[in-house]
Amino acid sequence: MVAEGGHRTDAVYFLMSEPDVQTAMKTWWVAVNTEFRGVAPTGRSARSPPTPRDYGTFPRILGRYARDEKLFPVEFAVHK
């Protein structure tokens, strides 16, 4: 797909409508990612304060879309 699309990829942003986000979430080849930097939120290793996107991306997929909305099974969400 990347080669066919001229080596372009895209992303789902929060400014998208909820029906569009749900359509993307149900699509098997759409991956889920986070901007989390993998650093400690506190202490000497901390670089900056964490944001909700750092820790909230995957719980949202599992909780909202798999458990609450029942768009797909939990196993599908974990695979994403």
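The values are calculated or read from the model by the stated rules, or taken from the named source; none is laboratory data. Being a predicted model, the structure only gives us computed values, none of them experimental. In this analysis, Cβ positions are derived from the backbone assuming ideal geometry, glycine residues included, and neighbour counts consider all displayed protein chains. Note: accessible area is taken over every heavy atom of the protein model, side chains too, but ligands, DNA and RNA are not part of it. Shrake-Rupley method; radii C 1.70, N 1.55, O 1.52, S 1.80 Å.
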Residue match in the range 10-33 (condition: surrounded by 10 or more Cβ atoms within 10 Å (Cβ to Cβ) and at pLDDT below 65): yes
Filter the range 40-74 for residues that are assigned to a loop (DSSP other than H, G, I, E, B) and modelled with pLDDT of 90 or more; the one that is least open to solvent (accessible area, probe 1.4 Å) is PHE72
